Amino acid sequence: MGQSLRHMERVVGVGIGPLAAGTVGLLILLKVIQRLRRRPNIQDKVVVITGASSGLGKECARVFHAAGARLILCGRDQRRLQEVVEELGNKTYGKTQTYTPCTVTFDLSNTSVVCSAAEEILKCHGHVDVLINNAGVSYRGNILDTHVSVQREVMDTNYFGPVALTQAILPSMVDRGSGHIVVISSVQGKISIPYRSAYAASKHAMQAYYDCLRAEVDSLGLHVSVLSPGYVRTNMSINAVTGDGSKYGVMDKTTATGADPVDVANDILKAVCQKKKDVVMAGLGPTTAIYLRTLWPALYFRVMASRARKQTGKEE
Ligand SMILES: NC(=O)c1ccc[n+]([C@@H]2O[C@H](COP(=O)([O-])OP(=O)(O)OC[C@H]3O[C@@H](n4cnc5c(N)ncnc54)[C@H](OP(=O)(O)O)[C@@H]3O)[C@@H](O)[C@H]2O)c1
């Protein structure tokens, strides 16, 4: 063994010991560089999160706060937002400098109040680095039994609200030549499934608007990310509206068995730090369906029609 090592040392011209140590050192250095490059850098950034009082927005608040962001949390209920602020205030995260979040309360579906809310948001730190349009409402119902006012209500919250907020914040980002607008869309922003018309339509509209925005602000140094999760374990289905405008109030099986919101929030942080343009955050089934809708629409339509026949619009 000793002889063969000495033979190898003669062949390579240096001692195997220093060579091995050098290789290990290089590997460790590469690993450290890789880690540093992957490490989310949101420290000190001003991040606005709408719908931060519950579900995915609340988890995003936790994750971005822990990463050192200066948060502005938005929702309709000041008391629930304050509870989130207090919960975050009681935590420490090693050496990361964290900040007490600000809150701004407004109803996104009322576009006439969004401009003054945006002014309030901009007053908190003088600018916004990242705007996360997360707030949203879902819908369950049969189109035949759904009043147009419900279609409009969902569109107001999921589409016109975020659009109005984006357009109110956008000029300040353009002035600074930097800013990142993020939207939490859905797999249903890519494909429509039966009995979700209002929701799927609002998320498709969102996808189209923010795809246009991405192209238009690219040369101005601004970024746009459309992030589309599959089912996430939140109260989304409970809070959904039905065809007559009443609350659905049911925890659907698909939602109850959906992804852990903590994991999705971490994926959102990563996607924001890496300035990803468009990410589907879902498993193989929904991802295949998205491809099928483009590559083999006839089959997709048949599958959806069969799915609609098996459902009544009320349950999963
Ligand atoms: N859960 C899922 O399966 C899933 C899947 C894909 C995408 N998403 C998307 O993820 C986002 C967050 O949903 P979630 O799952 O966390 O649902 P959630 O628990 O019901 O949270 C919805 C949030 O939106 C806020 N909101 C609703 N209507 C509002 C309005 N008119 N004005 C201002 N804020 C309003 C709510 O705040 P207040 O009620 O306190 O005002 C709440 O914080 C939504 O955009 C949703 O479409 C969810």
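The values are calculated or read from the model by the stated rules, or taken from the named source; none is laboratory data. Here the structure is a predicted model, which is why all the values come from computation and not from measurement. Reconstructed Cβ throughout: ideal geometry from the backbone, glycine too, with neighbour counts over all protein chains shown.
Listing for the model above:
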| item | result |
| --- | --- |
| Pairs, first closer than 18 Å to VAL47 by Cβ in the stretch 273-289, second hydrophobic (A, V, I, L, M, F, W, C) and part of a helix (DSSP H, G or I), C-beta under 6 Å, six or more apart | VAL279/ALA271 |
| The stretch 197-244 - residue that is out of contact with any strand residue (DSSP E or B) (no Cβ under 9 Å at 6 or more places or on another chain) and outside any helix (DSSP H, G or I) and, of those, farthest from the ligand (Cβ to nearest atom) | ASP244 |
| Identity of the residue in the stretch 247-271, more than 10 Å from the ligand (Cβ to nearest atom) and part of a loop (DSSP other than H, G, I, E, B), that ends up surrounded by the fewest Cβ atoms within 10 Å (Cβ to Cβ) | THR257 |
| Qualifying position, being of a type in the set (Val, Ile, Thr) and either closer than 28 Å to ASP44 by Cβ or more than 16 Å from the ligand (Cβ to nearest atom) (or both), among VAL150, VAL130, VAL187, VAL154 | VAL130 |
| Verdict on ARG293 being touching a Phe, Trp or Tyr at 6+ places or on another chain (Cβ under 6 Å), assigned by TED's automatic domain parsing to the domain that holds GLY136 and of a type in the set (D, E, K, R) | yes |
| Tally of residues being part of a helix (DSSP H, G or I) and either among the aliphatic types (A, V, I, L, M) or under 18 Å from the mean Cα position of the chain (by Cα) (or both) across the stretch 115-159 | 13 |
| Residues within the stretch 160-184 that are within 10 Å of the ligand (Cβ to nearest atom) and either in a loop (DSSP other than H, G, I, E, B) or among the charged types (D, E, K, R) (or both), tallied | 0 |
| Tally of residues being over 21 Å from ASN235 (Cβ atoms) and surrounded by fewer than 24 Cβ atoms within 10 Å (Cβ to Cβ) across the stretch 56-71 | 4 |
